[in-house]
């Protein structure tokens, strides 16, 4: 069975879910063009998820993907958070931010039974997870809805684990990929390998379809991934300049500047390693900071800095997520980009 | 003009020069099979180079490549070397090594006029460099011999620089590649990107042929690289188990073990970042150690540890160079591997 047959779509092209920079508009555009649009739910409230799914269902009957994080929420650690605030103190002072007034609490909830209930109302064709899979019980519930389940593997070990737990396909996420590494069996970033190295090894190891992600920016990249044995691809960064994405102005500007050539895996924005364009906070505190609290607790203290800086058209504290190959970023409709990606198929 | 026409070979497949693990036997086997065999000269004395070139010329008239490093030799820094010895002291004690008796002096000489003179005797079809290019004068001398000149670029900036200096083709070295990073315009390893990300960007930036290196292990990888716009490929790791390679027993065993899945960029063996299988010294001192002296001065102090450990069939201190995709490593003749790599061309 091809990936297209498994997911019920025309093309084996998945638009990568990108929390914070896109919503239903990008999903609809990609799915209507024959790919698989993805709705990232990690940073949305249950109400917002319901609203976005209602929008999607009202305008398209094509298959789409709904994406969730499934990390284990950390215990709060007042000492560590205080240490993180201390590291950020000079920036708070620079921007006139009162550190005592920063709202706390995790902004990113993992998949849970309340979210499963919402999915049951909308029955999406595809559900994907990042950072592993939810509990066996929740996973069974998602499968009972008829959804095909995908999750990201960054190593052969993770791919084997996902297959054993019942994933219908595995996304082999090479280290070129922008945003959060999906890693969940190890937190050692030296275990992370490129798409060219990872895909053939995962294809050899598992029997489910393998979706290549990371560094794929155009039809040539899609063809290369298929040559390596992938059944499909997941493309993120190339969609960031599309009008349907909600990418901020500073983020759009960075992607179109020469600085986009230099990305790094950093934990300074959320506590977990994620790839973004190197900017001031990464240069001064990272890319990996031992002081950053556990995911997602690092995020709340950086948020007000980001907001204040962006008001000055300044991306110094913005998570400028991007993969290592921004060469596919163009200001074209997502439908056109999706079509162009299929040129060599 | 195709890369084959430029280099005068049947296939656009270059066997990567791998100092310390191969000599003329691998060169001859690959060149006779229609690829481009490469003789790494960085760790050979002038006499040894002359001897190897004599051997090659006596058994084949096919084109082959001779490879040199062209780093700027560092000044000795007694304080830094003493600090490095202090870091290694527990290992010296463990292995009963007298640190005062370790022979010093750089084991890797850059390309110079004496080596150019040797090349003039043998007139190889191809000469490749790592870490940039030699002086304009030496480069002109190599070109006057009729040799085509290649060098490695790890960023778009390096590719543009090499083209401007007169390189006939550029090797785009993705970060998957085993052994030393060819980086020479920056020493920031976060600038290093994968083959999938680098090749399309370099192809777009330069007018000379681009050779893809890093993560390419089989015919599928070759096809993927060509899809990305490469004119040819350079393959290293996959040749390490061939009988014609001089890969040590501990290195061969590591490449065939699950530990080969975990490589890292490390400077603990030579002072420059290079990719190898993670072993004890990398785990305990690295992967990047601020204490390691400048390239190649870090090497001499590690050499006796390696020698003693290898006598016990132990690779704890061996530079187990490997790319991120060891899946092409098989104990087959180099001619057969070369043929198999061409299957999709």
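What follows draws every value from the coordinates through simple rules; no lab data is involved. Note that the coordinates shown come from a computational prediction; the quantities given were computed from them, not determined experimentally. No Cβ is skipped: glycine too gets one built from the backbone with ideal geometry, and neighbour counts run over all protein chains shown.
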For chain A, what is the calculated [θ] at 222 nm in deg cm²/dmol (nearest 500), taking -39500 (n - 2.57) for each run of four or more DSSP H residues and dividing by its residue count?
-11000 deg cm²/dmol
Can you give the % of DSSP beta bridges in region B:3-341 that are antiparallel, to the nearest 5?
20 percent
Modelled FRET efficiency - R0 56 Å, residue A:61 with residue A:104, Cβ distances, 0.05 increments:
0.85
For region B:207-259, calculate the relative contact order in percent as a whole number, restricting contacts to Cα pairs under 8 Å that are 6 or more residues apart.
31 percent
List B:49, A:56, B:216 from most exposed to least, where exposure is judged by having the fewest other Cβ atoms within 10 Å.
B:49, A:56, B:216
If you fit an axis through the alpha-carbon atoms of helix A:46-59 and take the longest principal axis of the Cα set of chain A, what angle between them do you get, 0 to 90°, nearest 10?
40 degrees
Given a Förster radius of 51 Å and the C-beta distance between residue B:113 and residue A:160 as r, what FRET efficiency does 1/(1 + (r/R0)^6) yield to the nearest 0.05?
0.40
Within a 10 angstrom radius of each residue's Cβ in A:263-276, how many Cβ atoms of other chains show up on average? Whole number is fine.
1
Roughly how many whole Å is it from the C-alpha centroid of region B:218-290 to that of region A:271-306?
31 Å
So what is the relative contact order of chain A, in percent, for Cα pairs below 8 Å that sit 6 or more residues apart?
20 percent
Take every DSSP beta bridge with both residues inside the protein assembly as shown and express the antiparallel ones as a percent of the total, to the nearest 5.
20 percent
Given the C-alpha centroids of region A:182-196 and region B:138-193, what is the distance between them in whole angstrom?
28 Å
Once both axes come from the Cα atoms, what is the angle between helix B:113-122 and the longest principal axis of chain B, in degrees from 0 to 90, rounded to 10?
50 degrees
Which FRET efficiency value, to the nearest 0.05, do you get for residue A:94 and residue A:248 by plugging their Cβ-Cβ distance into 1/(1 + (r/R0)^6) with R0 = 22 Å?
0.60
Quick check: the angle from helix A:156-165's long axis to the longest principal axis of chain A, C-alpha only, nearest 10 degrees?
70 degrees
Output the relative contact order of region B:216-335, whole-number percent, from Cα pairs under 8 angstrom with separation of 6+ residues.
34 percent
For residue A:331 and residue B:54, extending 7 Å from Cα along the Cα-Cβ vector and measuring point to point gives, in nm, a value of 6.7 nm
Packing-based exposure ordering (other Cβ within 10 Å, fewest first) of A:144, B:62:
A:144, B:62
Simple SL model, points at 7 angstrom along Cα→Cβ for residue B:121 and residue B:86; separation in nm is 4.6 nm
Find the centroid of the Cα atoms in region B:20-37 and in region A:57-112, then give the distance between the two in whole Å.
55 Å
Please list A:275-283, B:23-31, A:255-263 highest first by mean number of surrounding beta-carbon atoms within 10 Å per residue.
B:23-31, A:275-283, A:255-263
Here the gain from full extension of residue B:45 to residue B:137, 0.36 nm per residue of separation minus their alpha-carbon distance, amounts to 30.9 nm
